[in-house]
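The values are calculated or read from the model by the stated rules, or taken from the named source; none is laboratory data. In this text, all values refer to a predicted model and were calculated from it rather than measured experimentally. Quick reminder, even Gly has a Cβ in these numbers, built from the backbone with ideal geometry, and neighbours come from all protein chains shown.
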Amino acid sequence: MECGIEPHQPQRHANERREPVGGRVTLIDRSNTPILELGDNGIDSWKPLRAGTRDQFPIGKFVCPHSACFDHDGNIFVVEWVEIGRVTKLRRV
């Protein structure tokens, strides 16, 4: 698989405080412009969920996404940084 999603990092001054991004995946175009955000679960909601069991993870929402890759069919696999691990397949339709 080739990794194809990079986090959107707008230009900031070195002393500027970064805002929390919450539990979402941002899709960007070739010029790094955000085009779509998926699975936003709120800024602080991941803290109690991260150590929980899989049945506590909200369906259709991310807890703590950390990385993503595309396959040759255009599906996206999102890996989350949670205690028991989680990989979500976003199927291209």
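Table for the structure above
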quantity	calculated
Pair list, Cβ under 6 Å, 6 or more apart: segment 74-89 residue closer than 15 Å to residue 58 by Cβ, other residue of a type in the set (S, T, N, Q) and at pLDDT 85 or above	78/88
Within segment 10-35, tally of residues that are modelled with pLDDT under 50 and among the hydroxyl-bearing types (Ser, Thr, Tyr)	0
